Amino acid sequence: MTRMRLDLFDASRNLDRGRPAWFEAAWYLVKIVFFLSAMPWPSSVKCKLLRAFGAKIGSRVVIKPRVNVHFPWRFEVGDHSWIGEEVFILNFEPVQIGSHACVSQRAFLCTGNHDFRDEHFSFRSAPIRIRDGAWVGGAVFVGPGVEIGDETVVTAGSVVLKSLPAGMVCGGNPALPHSPRWRDSK
């Protein structure tokens, strides 16, 4: 007998979408045209649109094509940061990316998941914070509740399930610190 009952799932349980349905629908239309498209719309246009939907976006932020931001009203990016092609930001909770940070192609920042021990399959989620000067490599998965420290590098294809310390090169599945990022570090 199956204990998990997807027929009992209630999407409104444990998930506050943060805006009315009409606002979210308007965002989806803008997202389809300007963000999910392969058309290389200027980053300045995308930053203005994100701000119009409640995001806090710093100056000179670079946003490549096909970036998927789920809820811009729960998204913050510092100055001079880059977001690569096909990055997916599933932010049921806030996602903060610091200044001079880079999130590379096809990275997945995922603040939400389901409680696999709950037969109702309820949501469980927690914010993600990527600190100043950090670099999240290509195809990295960052899970709920993770903080990536200042100046930390997460190598390509890693799975980050727990917070990572500042100034380190980290990688693997699960991602672990391997060495200092800068050669002059002790």
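Readers should treat all values here as calculations from the given coordinates under stated rules, not as data from a laboratory. Only a predicted model underlies this, so the values are computations on that prediction, with no experimental measurement involved. As a convention, Cβ positions derive from the backbone with ideal geometry for all residues, glycine included, and neighbour counts pool all protein chains shown.
Of the residues 39, 168, 4, the one with the fewest other Cβ atoms within 10 Å heads the list, and the complete ranking is 39, 4, 168. From its DSSP helices (H runs of at least four residues, each -39,500 (n - 2.57)), the chain gives a residue-normalised ellipticity at 222 nm of -3000 deg cm²/dmol.
Volume per residue for the chain equals 123 cubic angstrom (convex hull of Cα atoms).
Comparing 15, 109, 49, which has the greatest mean-square fluctuation in the GNM of the chain with Cα pairs linked when under 10 Å apart? Looking only at 15, 109, 49, the biggest GNM fluctuation is shown by 15. Just how far, in whole angstrom, is the stretch 124-180 from the stretch 58-78 if you go by their alpha carbon centroids? Value for the Cα centre distance between the two parts: 18 Å. Lysine pair count for the chain (Cα-Cα distance under 19 Å; residues 8 or more apart in sequence or on different chains): 9. Our summary of shape: the Cα atoms of the stretch 3-44 have principal axis extents of 48, 23, 14 Å, ordered from largest down, in whole angstrom. A Förster distance of 35 Å, applied to the separation of the beta-carbon atoms of residue 8 and residue 161, puts the FRET efficiency at 0.80. Counting neighbouring beta carbons within 10 Å and listing from fewest to most, the residues 35, 121 come out as 121, 35.
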